[in-house]
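Each remark here refers to the structure printed beneath this line.
The values are calculated or read from the model by the stated rules, or taken from the named source; none is laboratory data. What you see is a predicted model; the values in this text were computed from it and never measured. Glycine also receives a Cβ, built like all others from the backbone with ideal geometry; neighbour counts cover every protein chain displayed. For accessibility, only protein heavy atoms count, side chains too; no ligands or nucleic acids. Shrake-Rupley method; radii C 1.70, N 1.55, O 1.52, S 1.80 Å.
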Protein chains: 2
Amino acid sequence: MENKIFRNFLGEKGLKPTKERIAVLSEVFSFHGHFEPEYLYLRIKNAGSKASRASVYRTLSLLVDCGLVKKVTRTEKGNIYEHTYGHSHHDHMICDACGEIIEFYSEKLENLQDEICSENSFAGSSHTLEIRGHCKKCRTKQS
Amino acid sequence: MENKIFRNFLGEKGLKPTKERIAVLSEVFSFHGHFEPEYLYLRIKNAGSKASRASVYRTLSLLVDCGLVKKVTRTEKGNIYEHTYGHSHHDHMICDACGEIIEFYSEKLENLQDEICSENSFAGSSHTLEIRGHCKKCRTKQS
DNA sequence: CTGAAACTGAGATTGAATTGCAATTTAACT
DNA sequence: AGTTAAATTGCAATTCAATCTCAGTTTCAG
């Protein structure tokens, strides 16, 4: 489970599992979905724990390093993250109007990418696909 | 040609084709490849033209609006752009070992993405696909 | 317990990007 | 060509996420 993975990672690096770091970890895994650092910071405060913005940023970086969290994308506002442990692979569609992020997964798409890799003698290990445009709501709102 | 397209775009909006805007435009199209705003600013200075950083940013924004330039991605440092006119769409495979960037294009992939967008009632306008792994050279080198 | 090393929070700092504004330029209309 | 309103510019100030500094605090191995 993520707690163990994180503690292990810290141990290997000679880092300490402080309250702040654990607070960030558990908050990240307390909900499902994408988040910005500021939002996470506020959630932690709201949950009664304490961790400064600096610690949130610092811990987030550690969580990315140990693979528990992934930096999804960068917006005009800042970075967006998501936790990855126990979360299967998917890609994203991002609405340029309202910022909504839609997750999707397509077996066909995965296979096609494998095919393209073979054609190019490339050993693909991961990928990021981000489709930008307008979501259903924002499309209808326009007209 | 891009000069005409830009002037047309400006005309329609009641904007003026000032020396600064034209200087930015021609500099953007004076070379191939990706660039950051600051790099462009320095090139313009170096080319003997003049345009403040503010004007570079403002003009870049206009060029994106009229479709001549595309914001490729955001890095920790800032935005990266590329001119798109006369340059067809493609995606990238990036080798984690040697950094080589392989460009590829797949009609099937494009169609499949359109399909996925429809399924999600999403109006996709652009996408970025980046496949990471190891290129042919680095694969054989490993074994 | 103790001390060295790791951590933390608050505030300062960074740096890309944007904005306010006074001076300047553009171009439409005489 | 001259006039004038609107657009534009550059500079400096500002914004804002993210990072860094550093003095005080906490952790934990011995």
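Tell me which helices (runs of 4 or more DSSP H) are completely within region B:1-86 and hold 1 or more residues being out of contact with any Asp or Glu (no Cβ under 9 Å at 6 or more places or on another chain) and without any contact (Cβ under 8 Å) to a residue 12 or more places away in the chain, or say none if there are none. Full working, then the answer.
On the way: elements: B:2-13, B:19-28, B:37-46, B:53-65.
Counting at least 1 such residues, we get B:2-13, B:37-46, B:53-65.
Identify all residues within region B:23-35 that are farther than 16 Å from B:V64 by Cα and open to solvent by 60 Å² or more (accessible area, probe 1.4 Å); write none if there are none.
Residues satisfying the conditions are B:S30, B:H32.
What about A:L10, is it within 9 Å of DNA strand D (Cβ to nearest atom) and either within 14 Å of chain B (Cβ to nearest Cβ) or surrounded by 17 or more Cβ atoms within 10 Å (Cβ to Cβ) (or both)?
yes
When only residues in region B:82-120 that are under 16 Å from the mean Cα position of the chain (by Cα) and among the polar types (S, T, N, Q) count, which is most open to solvent (accessible area, probe 1.4 Å)?
B:S88
Within region A:43-57, is even one residue within 9 Å of DNA strand D (Cβ to nearest atom), under 27 Å from A:S126 (Cβ atoms), away from chain B (no Cβ under 14 Å) and open to solvent by less than 50 Å² (accessible area, probe 1.4 Å)?
Looking through region A:43-57, at least one residue is within 9 Å of DNA strand D (Cβ to nearest atom), under 27 Å from A:S126 (Cβ atoms), away from chain B (no Cβ under 14 Å) and open to solvent by less than 50 Å² (accessible area, probe 1.4 Å).
Among the listed residues A:E38, A:E20, which satisfies the condition of being at pLDDT 95 or above, out of contact with any Pro (no Cβ under 7 Å at 6 or more places or on another chain) and surrounded by fewer than 15 Cβ atoms within 10 Å (Cβ to Cβ)?
Details: A:E20 fails: surrounded by fewer than 15 Cβ atoms within 10 Å (Cβ to Cβ).
Residue meeting the stated conditions: A:E38.
In the list A:G33, A:G67, A:G78, which residue meets the criterion of being within 11 Å of DNA strand D (Cβ to nearest atom) and on the phi > 0 side of the Ramachandran plot?
Values: A:G33 fails: within 11 Å of DNA strand D (Cβ to nearest atom); A:G67 fails: within 11 Å of DNA strand D (Cβ to nearest atom).
Matching residue, one of A:G33, A:G67, A:G78: A:G78.
With respect to B:T75, is the statement that it is more than 7 Å from chain A (Cβ to nearest Cβ), polar (S, T, N, Q) and within 17 Å of the chain's Cα centre (by Cα) true?
When the stated conditions are applied, B:T75 passes them.
For region A:58-81, give me each residue that is within 13 Å of DNA strand C (Cβ to nearest atom) and open to solvent by less than 20 Å² (accessible area, probe 1.4 Å).
A:T59, A:L60, A:L63
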